[in-house]
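What follows draws every value from the coordinates through simple rules; no lab data is involved. What you are looking at is a predicted structure, and each value in this text was computed from that prediction instead of being measured. All Cβ positions, even for glycine, are placed from backbone atoms using ideal geometry, and neighbour counts span all protein chains on display.
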Amino acid sequence: MRYVSTRGDAPDLEFEDVLLTGLARDGGLYVPEVWPSFNKAEFEAFIDLDYSALAARVMAPFIGDALPADIYKTLVDDTYREFDHPDVAPLNQIGEDEWVLELFHGPTLAFKDFALQLLGRLFDYALARRGERRTVVVATSGDTGSAAIEAFRDKENLDIFVLHPAGRVSEVQRRQMTTVMSDNVRNIAIEGSFDDCQALVKAMFNDLEFRDNMGLSAVNSINWARVMAQTVYYIKAATALGCAGKPIAFSVPTGNFGDVYAGYVARCTGLAISQLVVATNRNDILARVLSAGEYRIGEVEPTMSPSMDIQVASNFERLLFEIHGRDGGAVKELMAGLQSNGAFRLGEDALEKARQVFDARRVDEDETLATIASVYRDSGAVIDPHTAVGVAAGRACRRDPGHPMVMLATAHPAKFPDAITKAIGVVPELPPGLADLPKRPERYDTLAADLDAIKAYIVSNKAH
Ligand SMILES: *Cc1c(COP(=O)(O)O)cnc(C)c1O
């Protein structure tokens, strides 16, 4: 499979180079040159596959011949063996034709493990084969950092630097990152927001000399391989609910537009997704663009769903590419407008295309708490604040009650004990492996949101 940049000016690459690079050299994001597709009979046959067999099958056309078949199979099996539920991504019914898809059974208790556990293994294989080393730099709003650290710690062929916004992640989230003492792991608390962290990482990549000297790799959700891995659970949920050929709706708590875009990719492969709800908290740039057509960056406001406290939704660029007929020049122009004016406006045609499948809703803090409480009261399920945003938005935006609605449960409630306690008066317990997290020693450095300082830090703290 060949991949093209959304801005049309970077060389086409094969899967392995896309994996190791992350961001295209023209500042764009990689997407497959053509969408692989599955027919109804194939979707129906997927019902008989367990999670890792399905993952191997769905990802195969995207990966092409990047790995020998037996190694690929083992690597995918090993990835999903790390999850502590036999179904890997179980469904839990919370209402009439309403389900939550539990994506928090991986090692760091958020959906990010689905992709990053795989990426860690794919990187290891590719770098060993090439005899190369890399420096992985990650910006995190809370969950990507720990998932990436868990996936890349103690690997011999790379270092990982994680930038999180100081004081703006939950204590559990911070400790999951900062208590890992591996030589190749460094945590940096940035005095700023997640958007500042993300902008610093992008700036580092756009400094092509630094990028090449350090062998930088990006594993944020701008990395295509992450989107690819997340596409699998949409197909898994649909087939499990008997929707191999029938319409199904999903509601997705959204920050960087990665997860919900993975749902869009599942639809591009032929899955009958009738609706994708973009669920946002107070940081509602995506709800605003889908309702009014203007994508305008605002100030990031902290909320109880910190992993979605984002104003620059990087993966939205991939949707822009599709709704502009895959015209890289058009995307480049919009992104230039964003760079210079902090905003761009979508044309009627493009907006119409997006609205065919996407709806969006902003959910405020009170509604989030009320949703945690009502889901607990009605079904006994304890959902985390991100999931609650997804449930509230999914209920409010549902187009057709005849189509099953699946809300993505993106994190384990124990990652956000304050919100849960406030909503239902119950303190959610960390799973046994993490019970002593509050007592483990921490290590991290705090830096200003200053590109030169961070570059210098990376140069002097590389272990390899
Ligand atoms: C990362 C994250 C999100 C947002 O996902 P995107 O792919 O950035 O849209 C939502 N919920 C949780 C718990 C997360 O960790």
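On a C-alpha basis, how far is the centre of region 227-250 from the centre of region 413-460 in Å? Whole number, if you could?
Measuring centre to centre over Cα atoms gives 32 Å.
Suppose we keep just the DSSP beta bridges with both residues in region 95-185; what percent of those would be antiparallel, to 5?
Around 10 percent of the beta bridges assigned by DSSP in region 95-185 are antiparallel ones.
Given just the C-alpha atoms of the chain, how large is their convex hull per residue in cubic angstrom?
It is 129 Å³ per residue.
Between the alpha-carbon centers of region 352-399 and region 44-106, tell me the distance in whole angstrom.
25 Å
Treating only the Cβ atoms of Lys and Arg (+1) and Asp and Glu (-1) as charged, compute the dipole magnitude of the chain about its Cα centre; round to the nearest 20 debye.
Dipole size: approximately 100 debye.
How big is the dipole moment of region 151-218 about its Cα centre under a simple scheme where the beta carbon of each Lys and Arg is +1, that of each Asp and Glu is -1, and everything else is neutral? Debye, nearest 20, please.
Here region 151-218 has a charge dipole of around 280 debye.
Let's see if you can work this out: charge +1 on each Lys and Arg Cβ, -1 on each Asp and Glu Cβ, no other charges. What is the dipole magnitude of region 34-119 about its Cα centre, in debye to the nearest 20?
So the magnitude is around 340 debye.
For the chain, what does -39500 (n - 2.57) per DSSP helix run (n ≥ 4), summed and divided by total residues, give at 222 nm, in deg cm²/dmol to the nearest 500?
So the helix-based figure for the chain works out to -14000 deg cm²/dmol.
Return the percentage of antiparallel bridges among DSSP beta bridges fully within the chain, rounded to the nearest 5 %.
Restricted to the chain, the bridges split so that about 25 percent are antiparallel.
Compute the Rg to Rh ratio over region 147-189 from the alpha carbon atoms, using the Kirkwood formula for Rh, and round to two decimal places.
With Rg and the Kirkwood Rh in hand, the quotient comes to 0.96.
Along the positive direction of the dipole of region 323-386 (beta-carbon charges: Lys, Arg +1; Asp, Glu -1; about the Cα centre), which of Ala343, Gly325, Ala373 reaches farthest?
Most positive-ward Cα: Gly325.
With unit charges on the beta carbon (Lys/Arg positive, Asp/Glu negative), name the residue among Ser182, Ser146, Pro11 whose Cα is farthest towards the positive pole of the charge dipole of the chain.
Pro11
What percentages, rounded to whole numbers, describe P(r) for region 333-462 computed over all alpha carbon pairs with 5 Å bin width beginning at zero?
Histogramming region 333-462 at 5 Å steps yields 2, 8, 11, 12, 10, 11, 14, 13, 11, 6, 1, 0 percent.
For region 249-406, rounded, prolate or oblate, judged on the Cα gyration tensor with a ≥ b ≥ c (square roots of eigenvalues), a/c < 1.5 rounded, else prolate if a/b > b/c?
Numbers: a/c = 2.39, a/b = 1.43, b/c = 1.67.
Verdict is oblate for region 249-406.
Binned at 10 Å from 0, what are the whole-percent values of the Cα-Cα distance distribution for region 73-116, short to long?
So the P(r) values, bin by bin, are 29, 47, 20, 4.
Rounded, prolate or oblate: which fits region 275-365, taking a ≥ b ≥ c as square roots of the Cα gyration tensor eigenvalues, rounded meaning a/c under 1.5, else prolate when a/b beats b/c?
Oblate.
Which value, in nm² and rounded to one decimal, describes the direction-averaged projected area of the C-alpha convex hull of region 114-239?
Mean projected area of the Cα convex hull: 8.4 nm².
Return the equivalent ellipsoid semi-axes of region 181-325 as a descending list in whole Å, where each equals the square root of 5 times an eigenvalue of the C-alpha gyration tensor.
29, 20, 16
Quick one: P(r) of region 342-402 from all Cα-Cα pairs, 10 Å bins, percents rounded to integers, in order of increasing distance.
Binned Cα distances yield the sequence 20, 37, 28, 13, 3.
Checking the a/c ratio against 1.5 first, then a/b against b/c, what shape does the Cα gyration tensor give for region 1-95?
Verdict is prolate for region 1-95.
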